[in-house]
Amino acid sequence: MKRATLLRGLVALAVGGGVPCTAVATPTVVPSPSRAVSSGASGAAKSAYAALTPAQRIGQLFMAGVSSTGPSAAKLAHLHRLGVGSVILNHNSSAGQAAVAVTTTAIATALTTANVAPFIATDQEGGEVQRLSGPGFSSIPSALQQGQWATQRLEREAATWAGELSDAGVSLNLAPVADTVPTPHAHANQPIGRYDREYGHTSARVGSHVAAVVRGESSHVAVTVKHFPGLGRATGNTDLTRNVTDPTARQDPYLAPFRRGVSAGAEFAMVSLATYPHIDPNRPACFSSIVIDDMLRGDLGFTGVVISDSFHAVAVRDVPPAKAAIRYFRAGGTMLLDTDASPIREMEAAVRDRAKTHPAFAAVIKADVMDVLRAKSKAGLLS
C-alpha cells in the first residue's frame, strides 16, 4: 500500500493533532536504505511541526515565485503573512553569486518562521535554462551537451554547479530533466527538445546522466527529477497550451530515467501538468493518484517530496485555485508550486477548510507537512 493510499484510510488524525488511529496496515513499498529517513531528521521535523501554527503548517506546502533580482519588501511581507514555506527564484539574473546571496539572505530572513527556513529554489539546468549567471556561476552547457560527457565528469561538474548555488543561498535545484525525447521528434518537442533540455535520445543515456547529476548535486543542494511521468513526446507545452498529452504508459521504458534519479537519491520529484491517455485519460498528471501514488510512489518507490510544475501554467489555469489545490493534494502531491503567488491565499484557505471537516484529508496534509519538514531538516533548514 502506497503512502497516500494508506493515509486516506486514516480518519482520526487532524492537522493540529488528534486521536491516533489504532491500526495501520504494513506498507508493501519499502524505501531503499539510501532513501530511509534518519531518526535525526524525523525528530527535528516533529519538533518543527509542533512549533508551527496550523496555518503555518499548511504554508509549508506551497512554493511561490519571487524575482531572481530581488523581491520587494512588500512582496516578502505578503508571503510572510501567508506563511509560504518555500520560494522559487523566477526569471534570469546575470548579477552574479554575491548579488543572489543578498537576495536569498533577505528572503530567508523574511520567511523563516519558528526556526523553519524556506527552501529557495531555482531552475539551473544549463543551456537556455540557467536562471542564475554572472560572476561566481559557471556557464553551464545544455543538457544535450552534458549528455555527451562521461558520467564521472558530469557528476564532478554537477557538484561544482550545485556548490555555486549553495554558496549563493539556494537550497533546491528544480533539475535535472529526466524526460527522453526520441531523435525524430527532438526539436519538434516544445517543452524539452526545442531547448535541448534532454540528456539524450534514449532512456539509457538519459537515465545514466540524470543519476550522475543527482549524485553530484546532492552533495550541496536538494535536487528534483522532472517532469514525471515525462514530456518527451508531448503534443505541446503545458506552460502555454491546454490539453497537452503524452503517450507514456504505465510500464513505459521512458520511465527508466526517473527510476534512476530516484535510486540515486533525488529528494524531490516534479509531476507534470500534461494528460497521459494510456495512464489516466480523465485528468492531468498533477491531479492523478494513479500517476503520483500508484506509479511514482508505488512503482518507483519514491518517498520524498512530490512538487508540482507551476500552477500558473495555461494547462491548469482554467481550474479554480481552491479546487486545484484540493485535487492536487488528494492525488498525492506534497508541495504546490505557483510562480504567481496571488492564488495561494485562496488555495491555503481551501486546504485549511477541508482539513477541518475531512479527517482523512487532514491526515494526508499532516503527512505532507512532515515530508516537507524532513526534507528541510536534511537540507539544514531547521534550527
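Suppose the filter is modelled with pLDDT of 95 or more and either at positive phi or of a type in the set (A, V, I, L, M, F, W, C) (or both); does A274 pass it?
Details: modelled with pLDDT of 95 or more: yes; either at positive phi or of a type in the set (A, V, I, L, M, F, W, C) (or both): yes.
Judged against the criteria, A274 is a match.
Only one of these is more than 21 Å from R352 (Cβ to Cβ) and within 21 Å of the chain's Cα centre (by Cα): S68, S72, S47. Name it. Break it down stepwise before answering.
Numbers: S72 fails: within 21 Å of the chain's Cα centre (by Cα); S47 fails: within 21 Å of the chain's Cα centre (by Cα).
Matching residue, one of S68, S72, S47: S68.
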- [ ] Given the conditions (1) within 16 Å of the chain's Cα centre (by Cα); (2) surrounded by fewer than 24 Cβ atoms within 10 Å (Cβ to Cβ), report the number of the one that F258 does not fulfil.
- [x] (2)
TODO: Output yes when any residue across segment 160-174 is open to solvent by 10 Å² or more (accessible area, probe 1.4 Å), modelled with pLDDT of 95 or more and aromatic (F, W, Y), and no when none is.
DONE: yes
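If I ask for residues that are out of contact with any Asp or Glu (no Cβ under 8 Å at 6 or more places or on another chain) and not in a helix (DSSP H, G or I), which ones from segment 173-188 would you list?
Of segment 173-188, the ones out of contact with any Asp or Glu (no Cβ under 8 Å at 6 or more places or on another chain) are 178, 182-185, 187-188.
If the condition is that a residue be out of contact with any Asp or Glu (no Cβ under 8 Å at 6 or more places or on another chain) and not in a helix (DSSP H, G or I), then A178, P182, H187, A188 are the ones that fit.
Does segment 132-148 contain any residue that is of a type in the set (A, V, I, L, M), modelled with pLDDT of 95 or more, farther than 30 Å from L52 by Cα and assigned to a helix (DSSP H, G or I)? Write out each step before concluding.
From segment 132-148, those of a type in the set (A, V, I, L, M) are 132, 140, 143-144; that's our starting set.
Now drop any that are not modelled with pLDDT of 95 or more, which leaves 132, 140, 143-144.
When the remaining residues are screened for being farther than 30 Å from L52 by Cα, the result is 132, 140, 143-144.
Then keep just the ones that are assigned to a helix (DSSP H, G or I); that gives 143-144.
Within segment 132-148 (the criterion being of a type in the set (A, V, I, L, M), modelled with pLDDT of 95 or more, farther than 30 Å from L52 by Cα and assigned to a helix (DSSP H, G or I)), the answer is yes, since at least one residue qualifies.
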TODO: Would you please list the contacts, defined by Cβ atoms under 8 Å and residues six or more apart or on different chains, that run from a residue in segment 161-173 that is more than 20 Å from I307 (Cα to Cα) to a residue that is open to solvent by less than 20 Å² (accessible area, probe 1.4 Å) and charged (D, E, K, R)?
DONE: W161/E217
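Going through segment 175-200 one residue at a time, which ones are aromatic (F, W, Y) and open to solvent by 30 Å² or more (accessible area, probe 1.4 Å)?
Within segment 175-200, Y195 is the sole residue that qualifies.
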TODO: Quick one: L89 ticks every box in (1) closer than 24 Å to S377 by Cα; (2) in a loop (DSSP other than H, G, I, E, B) except a single one, so which number is it?
DONE: (2)
- [ ] Among the residues of segment 48-83, count how many are among the β-branched types (V, I, T) and touching a His at 6+ places or on another chain (Cβ under 9 Å).
- [x] 1
TODO: List every residue pair whose Cβ atoms lie under 8 Å apart, where the two residues are 6 or more positions apart in sequence or sit on different chains, the first residue falls within segment 82-104 and is on the phi > 0 side of the Ramachandran plot and touching a residue at least 24 places away in the same chain (Cβ under 8 Å), and the second residue, located anywhere, is surrounded by 17 or more Cβ atoms within 10 Å (Cβ to Cβ) and in a loop (DSSP other than H, G, I, E, B).
DONE: G83/Q60; H91/S68; H91/R131; G96/S133; G96/F137
Task: Residue ID - modelled with the lowest pLDDT, chosen from residues in segment 32-72 that are in a helix (DSSP H, G or I) and of a type in the set (A, V, I, L, M, F, W, C) - done: A41
Open item on the list: Looking at segment 367-383, I want the residues that are farther than 16 Å from A108 by Cα and touching a residue at least 40 places away in the same chain (Cβ under 8 Å) and have a partner that is open to solvent by 10 Å² or more (accessible area, probe 1.4 Å) and aromatic (F, W, Y) with Cβ atoms under 9 Å, at least 6 apart or on another chain. Which pairs are those?
Closed with: V369/Y49; M370/Y49
Open item on the list: So, in segment 274-286, exactly how many residues are surrounded by fewer than 24 Cβ atoms within 10 Å (Cβ to Cβ) and under 30 Å from S377 (Cα atoms)?
Closed with: 0
TODO: Those residues that are within 17 Å of V369 (Cα to Cα), loosely packed, with under 14 Cβ neighbours inside 10 Å and not aliphatic (A, V, I, L, M), I need them from segment 48-73; list them, please.
DONE: T53
Open item on the list: From the list P184, P247, exactly one residue is at pLDDT 95 or above and of a type outside the set (A, V, I, L, M). Which is it?
Closed with: P247
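Can you find a residue in segment 201-216 that is among the charged types (D, E, K, R) and open to solvent by less than 20 Å² (accessible area, probe 1.4 Å)? Steps first, please.
Going through segment 201-216, the residues among the charged types (D, E, K, R) turn out to be 205, 215.
Restricting the remaining residues to those that are open to solvent by less than 20 Å² (accessible area, probe 1.4 Å) gives none.
Checked segment 201-216: no residue is among the charged types (D, E, K, R) and open to solvent by less than 20 Å² (accessible area, probe 1.4 Å).
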TODO: Hey, could you check segment 74-98 for residues that are surrounded by 19 or more Cβ atoms within 10 Å (Cβ to Cβ) and among the aliphatic types (A, V, I, L, M) and say which is farthest from R345 (Cα to Cα)?
DONE: A95
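The values are calculated or read from the model by the stated rules, or taken from the named source; none is laboratory data. Keep in mind it's a predicted model, so treat the numbers as computed, not measured. Methodologically, a virtual Cβ is constructed for each residue, glycine included, from the backbone with ideal geometry; neighbour enumeration extends over all protein chains shown. We work out accessible area using only protein heavy atoms, side chains counted, and drop any ligands, DNA or RNA first. Shrake-Rupley method; radii C 1.70, N 1.55, O 1.52, S 1.80 Å.
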